[in-house]
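Trainee: Before I ask anything, here is the structure I am working with.
The values are calculated or read from the model by the stated rules, or taken from the named source; none is laboratory data. Not measured: the values here are computed from a predicted model. Cβ coordinates were reconstructed from backbone atoms using ideal geometry, including for glycine residues, and neighbour counts include every protein chain displayed. Keep in mind that these areas ignore ligands, DNA and RNA; they rest on the heavy atoms of the full protein, side chains included. Shrake-Rupley method; radii C 1.70, N 1.55, O 1.52, S 1.80 Å.
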Amino acid sequence: VVVSDDPDRYHGQGTFPAIAKIYHRSEMDRLQLELRETKGVTILLYDQTCAAEKRRRRKHAGVSAPIRAFINEKVCEGCGDCHKTSNCIAVEPAETIDGRKRRINQTACNSDLSCVDGFCPSFVTIENPIMHKTEAPVLDEVEAAHRASLPDPLVSLPIDRTFGLLVTGIGGAGIVTIGSLLAMAAHLEGKAVRCLNFTGLAQKNGAVLSHLQIAAQERQLDVPRIQEGELDLLLAYDLAVAASPQVRLLCDKQRTVAVGNLDLAPTADFVTQPDLKIDAGLHRRAVDRRCKAERSIYLTVSEFAEKLFGDTTAAGVMMIGMAYQRGLLPLGRAAIERAIELNGAAIDLNRRAFLWGRIAADDPAAVAPYLLTHVPVHDLPLPDLVQRNKEQLTAYQNRGYAQRYADLVGKVQAIEASLSGFSGGDGDLALTRAVAKGYYKLLAYKDEYEVARLYSEDSFKESLAATFDGRPALTFHMAPPLLARIDPATGRRRKIKLSGAWLLPALRLLKHGKVLRGTAIDPFGWQQDRQLERQMIRDYEADVELILSHLTAESLATAVDLAALPQEIRGFGHVKAASHERLAGKRAALRQKLETSTPYRAAAVEVGFQA
């Protein structure tokens, strides 16, 4: 069998013998299971141009991707099903006040679009998109001012030993290109240079290492691979790779200086662990323990490049500029700029990226305005969190629905405060905060009406405008119960494409159907998904009742764990059902542990709660 992203191109061409059957790549899983049960020798050919290679070809040709994917973060549940279907590095975490969601890194995106197959209505695709760019005149003024005043650092290569340079990153980030640029610059200056690249899988965040050794004369060079303790400069495009044991062994506390990118790409574990801690500071500290931290320099370089040029691929050349300006490279500016020209790809962009890297190293205050793309997300104070959730639930349904939320949270807060001895304020009310988040998440389940409302909000238009220019035509990828067909192989609804000028007005109309939510005439209420979501609300209210009737200082930790469980239930349809089923055993165990604890009746009576 042959699977392809475009099986129609083989019809009538006689490319394969008659015994070979041709299918779309979406049939891949079914065919593998079928062939596994087939006796004898079976062959499966996957015919598709590498997605990363497609991206490279488009870049060199100066052609934009014909279709782009975009995620509405407010609709996204952060379940990671899109990441599981694609294994793509362009699907990145997005930290929001409602927890971790997903976003598409448009620079890294290969436009393979397999992420769209994730069972989630948060995806739209845009045909012939025009990527949003920063206004050039402002940048030109800053560049012109610094180009005339930037001093060139004094550099000299020690003649008694070689200079070891290592570039660390992930597949598809241009790490080999960075190494090649520096090697060419050394060659242009008449220096001896050896280069050795270790490449990884581009779409699975595979580690990439580029070893360079530079010397005044060829006889000073031995093997191209840098040996233990002989690294002079570490260009850490990806800090997770730089902090790995095999890289840190090459470093020397008295010799190695690091130039690091604080924008950390998620590792492959992010596919199976959607809440995986992604902490660039942790990796930075590991690197600093093996380097001359007082001379090292770190910056959110990918964010910087995206803010300036709308393209994170310029980040690598920016790091060269930072290293050059700090006097960490044994290379001159003329040779580096000439190597950029000889490379022949995005020459003007890379020249500017090199200059902006120099500016960042020489005058950090000048680049500060361009480093505000991603504001850190912090938990709101408890009163603000409750008030914000009340407002959201009023928009979701009505004031009565929001008051139902506030009443339960207030009851929990009163009992926990009396138990802990707090008379007011946020204090350490971990249980109240857990209920404030968990109950809100369950009450605000994303049915058809809510998805329509979230697509009708101005915030969706604003996020699109921040990424794409013009008025792009949108195609929505959803599985509406009245339109989507059931996949006979899986028994689940298949996502379909919805497009046309009528769609957004239809969504704006559909959002008003929320008045039918939960009633006998709700046309969507009969679905198993909706029934499960309403049952989870009832179960949670029963859990909170159990918590309050058995709350003591000893049982508080167990109570918080039980109250926080809804934060782990994510997704839509079968994804959410599987998430709920996976946690059923944990919920039962926590309930049993609480039921065997001492009832807490005194505080319950004080607030009128009957245990």
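Trainee: Taking residue 499 as the residue in question, decide whether it is open to solvent by 40 Å² or more (accessible area, probe 1.4 Å) and within 30 Å of residue 310 (Cα to Cα). Show your work before the answer.
Mentor: Details: open to solvent by 40 Å² or more (accessible area, probe 1.4 Å): yes; within 30 Å of residue 310 (Cα to Cα): yes.
Answer is yes for this residue.
Trainee: Now for a different question. Being closer than 19 Å to residue 443 by Cα and open to solvent by less than 60 Å² (accessible area, probe 1.4 Å): is that true of residue 518 here? Write out each step before concluding.
Mentor: On the way: closer than 19 Å to residue 443 by Cα: yes; open to solvent by less than 60 Å² (accessible area, probe 1.4 Å): yes.
In short, yes.
Trainee: A further question follows. How many of the residues making up region 289-307 are crowded, with 24+ Cβ neighbours inside 10 Å and more than 18 Å from residue 164 (Cα to Cα)? Full working, then the answer.
Mentor: Applying the first criterion (crowded, with 24+ Cβ neighbours inside 10 Å) to region 289-307 yields 291, 301-302, 304-305.
Among the residues that remain, those that are also more than 18 Å from residue 164 (Cα to Cα) are: 301-302, 304-305.
Final tally of qualifying residues: 4.
Trainee: Still on this structure, I have one more. Look at residue 117 and say whether it is modelled with pLDDT of 70 or more and open to solvent by 80 Å² or more (accessible area, probe 1.4 Å). Reasoning before the result, please.
Mentor: Details: modelled with pLDDT of 70 or more: yes; open to solvent by 80 Å² or more (accessible area, probe 1.4 Å): yes.
Yes; evaluated as a whole, the condition is true for this residue.
Trainee: I'd like to check something: does region 268-277 contain any residue that is at pLDDT 85 or above and crowded, with 18+ Cβ neighbours inside 10 Å? Steps first, answer last, please.
Mentor: Kept after step one, since they are at pLDDT 85 or above, are these residues of region 268-277: none.
The answer is no, given that none of the residues of region 268-277 is at pLDDT 85 or above and crowded, with 18+ Cβ neighbours inside 10 Å.
Trainee: Under the condition of being open to solvent by less than 10 Å² (accessible area, probe 1.4 Å) and farther than 30 Å from residue 551 by Cα, which residue from region 435-449 is farthest from the chain's Cα centre (by Cα)?
Mentor: Ranking the qualifying residues of region 435-449, first place goes to 449.
Trainee: Let me ask something else. If residue 423 satisfies all but one of (1) open to solvent by 60 Å² or more (accessible area, probe 1.4 Å); (2) modelled with pLDDT of 95 or more, what's the number of the condition it fails?
Mentor: Among (1) open to solvent by 60 Å² or more (accessible area, probe 1.4 Å); (2) modelled with pLDDT of 95 or more, residue 423 violates only (2).
Trainee: Being among the hydrophobic types (A, V, I, L, M, F, W, C) and open to solvent by less than 40 Å² (accessible area, probe 1.4 Å) is true for just one of 79, 50. Which residue is that?
Mentor: Values: 50 fails: open to solvent by less than 40 Å² (accessible area, probe 1.4 Å).
Answer to the check: 79.
Trainee: Return the residues of region 1-21 that are within 34 Å of the chain's Cα centre (by Cα) and surrounded by 15 or more Cβ atoms within 10 Å (Cβ to Cβ); say none if nothing qualifies.
Mentor: 2, 3, 4, 5, 7
Trainee: In region 465-485, what residues are touching a strand residue (DSSP E or B) at 6+ places or on another chain (Cβ under 7 Å) and at pLDDT 85 or above?
Mentor: 467, 468, 473, 474, 475, 476, 477, 478, 479
Trainee: Residue under question is residue 29, and the condition is that it be open to solvent by 70 Å² or more (accessible area, probe 1.4 Å) and on the phi < 0 side of the Ramachandran plot; does it hold? Lay out the reasoning, then the answer.
Mentor: Details: open to solvent by 70 Å² or more (accessible area, probe 1.4 Å): yes; on the phi < 0 side of the Ramachandran plot: yes.
Here the answer is yes, as residue 29 does meet what is asked.
Trainee: Go through region 551-569 and give me each residue that's free of Cβ contacts under 8 Å to residues at least 60 places away in the same chain and over 30 Å from residue 80 (Cβ atoms).
Mentor: Matches in region 551-569: 554, 555.
Trainee: Name the residue, out of 334, 395, 353, that is over 29 Å from residue 190 (Cα atoms), part of a helix (DSSP H, G or I) and of a type in the set (A, V, I, L, M, F, W, C).
Mentor: Details: 334 fails: over 29 Å from residue 190 (Cα atoms); 353 fails: over 29 Å from residue 190 (Cα atoms).
Answer to the selection: 395.
Trainee: At pLDDT 85 or above, surrounded by 14 or more Cβ atoms within 10 Å (Cβ to Cβ), of a type in the set (Lys, Arg) and not in a strand (DSSP E or B): does that describe residue 101? Before the answer, list the steps.
Mentor: Working: at pLDDT 85 or above: yes; surrounded by 14 or more Cβ atoms within 10 Å (Cβ to Cβ): yes; of a type in the set (Lys, Arg): yes; not in a strand (DSSP E or B): no.
The answer is no for residue 101.
Trainee: So residue 218 ticks every box in (1) free of Cβ contacts under 8 Å to residues at least 40 places away in the same chain; (2) within 33 Å of the chain's Cα centre (by Cα) but one. Which box is left unticked?
Mentor: With respect to (1) free of Cβ contacts under 8 Å to residues at least 40 places away in the same chain; (2) within 33 Å of the chain's Cα centre (by Cα), residue 218 is out only on (2).
Yes/no matrix, rows are residues, columns are (1) assigned to a loop (DSSP other than H, G, I, E, B); (2) open to solvent by 80 Å² or more (accessible area, probe 1.4 Å); (3) out of contact with any strand residue (DSSP E or B) (no Cβ under 6 Å at 6 or more places or on another chain); (4) over 21 Å from residue 433 (Cα atoms):
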{"position": "506", "(1), (2), (3), (4)": "no, no, yes, yes"}
{"position": "531", "(1), (2), (3), (4)": "no, yes, yes, yes"}
{"position": "554", "(1), (2), (3), (4)": "yes, yes, yes, no"}
{"position": "567", "(1), (2), (3), (4)": "no, no, yes, no"}
{"position": "570", "(1), (2), (3), (4)": "yes, no, yes, no"}
{"position": "575", "(1), (2), (3), (4)": "no, no, yes, yes"}
{"position": "585", "(1), (2), (3), (4)": "no, no, yes, yes"}
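Trainee: Another one. Tell me which strands (runs of 3 or more DSSP E) are completely within region 182-256 and hold 1 or more residues being surrounded by fewer than 19 Cβ atoms within 10 Å (Cβ to Cβ), or say none if there are none. So that I can check it myself, show each step before the final result.
Mentor: Details: elements: 192-198, 207-215, 233-236.
Because the criterion is at least 1 residues that are surrounded by fewer than 19 Cβ atoms within 10 Å (Cβ to Cβ), the strands (runs of 3 or more DSSP E) in region 182-256 that meet it are 192-198.
For every residue, the table says whether it meets (1) more than 25 Å from the chain's Cα centre (by Cα); (2) small (Gly, Ala, Ser); (3) loosely packed, with under 15 Cβ neighbours inside 10 Å; (4) not in a helix (DSSP H, G or I).
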| position | (1), (2), (3), (4) |
| --- | --- |
| 402 | yes, yes, no, no |
| 408 | yes, no, no, no |
| 419 | yes, no, no, no |
| 455 | no, no, no, no |
| 464 | no, no, no, no |
| 480 | yes, no, no, yes |
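Trainee: State which residue pairs qualify: first residue over 15 Å from residue 574 (Cα atoms) and inside region 482-494, second residue part of a loop (DSSP other than H, G, I, E, B) and open to solvent by less than 100 Å² (accessible area, probe 1.4 Å) in any location, beta carbons under 8 Å apart, and separation of 6 or more residues or different chains.
Mentor: 482/523
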